[in-house]
Amino acid sequence: MNKGCRVPQHRLMTDDDPKRSHDGLEVLSEQQCIDLLASRDLGRLAFAIGDQPEIFPINYGTDGPIVIFKTADGQKAQQAVLRKVAFEVDSWDPDTRVGWSVVLKGVAQEVTTGIDPFAAALRERPVIPVAPGVRERWIAVYPGEITGRRFRA
């Protein structure tokens, strides 16, 4: 179990049994979404800058349902702070023909200089940006909603 900050459970989906919708998609439980989110380290952050939607690939870590990533001064992703954002991660296995997608909607908050134990714990998450350059600003996405779907071709 990860240590650190946790989002109150009443803000997230309930852990229902997976359900099949009429179009063949399997609706994933909150715990399945969190597990899948933690199974990857590259996702996409989406938010608006002005009246234009933007989307950025980011390397990330997790602490339960919280997504944490690093960015550089002056990068567009830094503009996500204190805004509503969406984060998406997915996977497709061509051999088994099974895919899934998890979408987290919430608010981004900078935790670079936070001295509270929650911010410090988030900064201990393993986040390894593969893009060139120095990235010293830590941004956490605190979820208000997390949903996921699995599908088979």
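The values are calculated or read from the model by the stated rules, or taken from the named source; none is laboratory data. Keep in mind it's a predicted model, so treat the numbers as computed, not measured. Note that we place each Cβ from the backbone using ideal geometry, even for glycine, and neighbour counts take in every protein chain shown.
Return the pairs, sorted by first residue and then second, in which the second residue is of a type in the set (Lys, Arg) and part of a strand (DSSP E or B), the first residue lies in the range 124-143 and is farther than 19 Å from residue 39 by Cβ and touching a residue at least 40 places away in the same chain (Cβ under 8 Å), the beta carbons are less than 8 Å apart, and the residues are 6+ apart or on different chains.
Filtered contacts from the range 124-143: 135/70; 136/70; 137/70; 138/70; 139/70.
Residue 139: closer than 14 Å to residue 67 by Cα, in contact with a helix residue (DSSP H, G or I) (Cβ under 8 Å, 6 or more places away or on another chain) and either of a type in the set (A, V, I, L, M, F, W, C) or at pLDDT 85 or above (or both), yes or no?
Details: closer than 14 Å to residue 67 by Cα: yes; in contact with a helix residue (DSSP H, G or I) (Cβ under 8 Å, 6 or more places away or on another chain): yes; either of a type in the set (A, V, I, L, M, F, W, C) or at pLDDT 85 or above (or both): yes.
Yes: the conditions hold for residue 139.
Inside the range 63-76, can you point out the residues that are in contact with a strand residue (DSSP E or B) (Cβ under 7 Å, 6 or more places away or on another chain) and in a strand (DSSP E or B)?
66, 67, 68, 69, 70, 71
Here are 125, 149: which of them is within 19 Å of the chain's Cα centre (by Cα), within 15 Å of residue 68 (Cβ to Cβ) and not β-branched (Val, Ile, Thr)?
Of 125, 149, the one residue that is within 19 Å of the chain's Cα centre (by Cα), within 15 Å of residue 68 (Cβ to Cβ) and not β-branched (Val, Ile, Thr) is 125.
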